[in-house]
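The values are calculated or read from the model by the stated rules, or taken from the named source; none is laboratory data. It should be emphasised that the depicted structure is a prediction, and the values quoted were computed from it without experimental measurement. Using ideal geometry, Cβ is built from the backbone for each residue, glycine included, and neighbour counts are taken over all protein chains shown. Accessible surface areas use protein heavy atoms only, side chains included; no ligands, DNA or RNA. Shrake-Rupley method; radii C 1.70, N 1.55, O 1.52, S 1.80 Å.
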Amino acid sequence: MNKNDPVIRVKNLVVAFGSFHAVDGVSFDVQRGEIFGFLGANGAGKTTTIRTICGILNPSSGTVEVDGKDVSSSTAVLKPRIGYMSQKFTLYPDLTVRENLHFAGSLYAMSPQAIAQRSHKLMEFIGLSEDLPDPVSHLSGGVKQMVALASSLLHDPELVFLDEPTAGTSPKTRASFWALIRRLAQLGKTIFVTTHYMDEAEYCGRIALMERGKIVAMGTPGELKKEFFPVKPLELSFTKPVEQPLRAALEKAGIASAVFGSRLRVRAPDRAAFEQAAAPFRDGFFARETEPTLEDVFLQAVSGRKAV
Ligand SMILES: Nc1ncnc2c1ncn2[C@@H]1O[C@H](COP(=O)(O)OP(=O)(O)OP(=O)(O)O)[C@@H](O)[C@H]1O
């Protein structure tokens with residue numbers, strides 16, 4: 001295994017539940033030390049993909065390799081190399097932080113000394129005390145998520161799966177969490193993370209956008225913005241109440257728009273078509289070009305249209 005070979009290699013993966021394909025022909029590679037983000041609406045198939053890479057589910061067809069080994073036949077060898085912070089809560093609410101970490105370590109047959117040393121190091125890394133006396137159920141949502149992260153890292157895995165680690169936490173916790181994720185990647189860990197927050201996707205080295213079991217776009221945030229927006233989106237601010245009829249006219253012309261506060265973002269690759277549709281309302285708004293966001297990319301990708 002060459003150190004430049006991908007750590008994860010997924011080829012034509014299909015995961016079916018009965019006749020329903022939750023993952024429907026997905027292929028991608030993840031390089032060592034990458035922060036790879038998986039984005040998609042609820043039910044897109046992100047968790048199912050993760051669970052298959054972790055060896056919890058079997059592919060219906062296609063292959064999944066970690067470190068060059070087929071995951072279905074190498075679960076025991078790969079288990080110590082993989083950490084998984086699942087979306088469902090993985091801590092025992094009635095146990096303290098220390099007890100939870102101890103339990104997580106025992107699942108990997110770590111000695112009590114190794115668990116104690118590693119817990120201490122991890123809690124220092126996270127910036128929390130391992131001596132919190134309360135059961136985990138008394139801790140705030142953000143602290144629980146941090147402890148869940150520590151628990152998934154206890155056996156020092158090289159490959160870490162974080163399934164919506166920041167869901168439902170405060171902006172401050174999200175920022176701290178992402179600082180930790182970046183530091184983990186700097187330590188050489190490969191991070192595979194799912195999120196619904198488009199601003200968080202900006203922190204990923206590469207992202208894949210998933211929609212109904214398929215990857216509809218993949219690349220660095222910069223590449224995706226360029227790919228989907230060779231023509232930049234417009235941002236409209238209004239001087240007269242023309243927003244509703246303008247939106248209706250744009251929709252009729254097949255031009256996508258989305259409300260952002262008091263402004264309207266318009267993905268209008270064909271400027272002539274935009275001007276034509278907007279002509280009756282032209283004295284009611286100002287338009288300026290703006291940089292595409294990943295949210296724009298996502299909306300464009302799931303609408304199946306590139307702004308070319
Ligand atoms: N064990 C199962 N049996 C039947 N259907 C399932 C099973 N697990 C997942 N699904 C379905 O597969 C689809 C993909 O689910 P998955 O959890 O992978 O999506 P997701 O992108 O992770 O969404 P979320 O963000 O809501 O977790 C959903 O329609 C879900 O209902």
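Tabulated data for the structure shown
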item	result
Scan of the stretch 80-100 for residues that are surrounded by 19 or more Cβ atoms within 10 Å (Cβ to Cβ), touching a Lys or Arg at 6+ places or on another chain (Cβ under 9 Å) and over 18 Å from LEU159 (Cβ atoms), ordered by number	LEU91
Residues of the stretch 176-215 satisfying the condition of being within 13 Å of the ligand (Cβ to nearest atom) and open to solvent by 20 Å² or more (accessible area, probe 1.4 Å)	HIS196, TYR197, GLU211, ARG212, LYS214, ILE215
The lone exception for ALA22 - which of (1) surrounded by fewer than 20 Cβ atoms within 10 Å (Cβ to Cβ); (2) at pLDDT 95 or above it fails	(1)
Which listed residue is open to solvent by 40 Å² or more (accessible area, probe 1.4 Å) and either under 30 Å from HIS21 (Cβ atoms) or assigned to a loop (DSSP other than H, G, I, E, B) (or both), from LYS232, LYS226, LYS172	LYS232
Selection status of SER61, loosely packed, with under 14 Cβ neighbours inside 10 Å and more than 29 Å from ALA22 (Cβ to Cβ)	no
Matching residues in the stretch 46-71 - criterion: being of a type in the set (Gly, Ala, Ser) and part of a strand (DSSP E or B)	SER61, GLY62
Tally, over the stretch 252-276, of residues that are within 19 Å of PHE228 (Cα to Cα) and open to solvent by 40 Å² or more (accessible area, probe 1.4 Å)	5
Conditions (1) open to solvent by less than 40 Å² (accessible area, probe 1.4 Å); (2) part of a strand (DSSP E or B); (3) within 16 Å of the ligand (Cβ to nearest atom): number failed by VAL160	(3)
Residues satisfying the stated conditions in the stretch 28-42, i.e. small (Gly, Ala, Ser) and either more than 15 Å from the ligand (Cβ to nearest atom) or without any contact (Cβ under 8 Å) to a residue 12 or more places away in the chain (or both)	GLY33
Some residue of the stretch 99-107 being closer than 22 Å to PHE36 by Cα and modelled with pLDDT of 90 or more	no
Any hit, the stretch 67-78, residues being open to solvent by 50 Å² or more (accessible area, probe 1.4 Å), in contact with a helix residue (DSSP H, G or I) (Cβ under 7 Å, 6 or more places away or on another chain) and more than 16 Å from the ligand (Cβ to nearest atom)	yes
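Rundown of residues vs (1) more than 8 Å from the ligand (Cβ to nearest atom); (2) assigned to a loop (DSSP other than H, G, I, E, B), yes/no style:
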| site | (1), (2) |
| --- | --- |
| VAL10 | yes, no |
| LEU13 | yes, no |
| ALA22 | no, no |
| VAL26 | yes, no |
| ALA44 | no, yes |
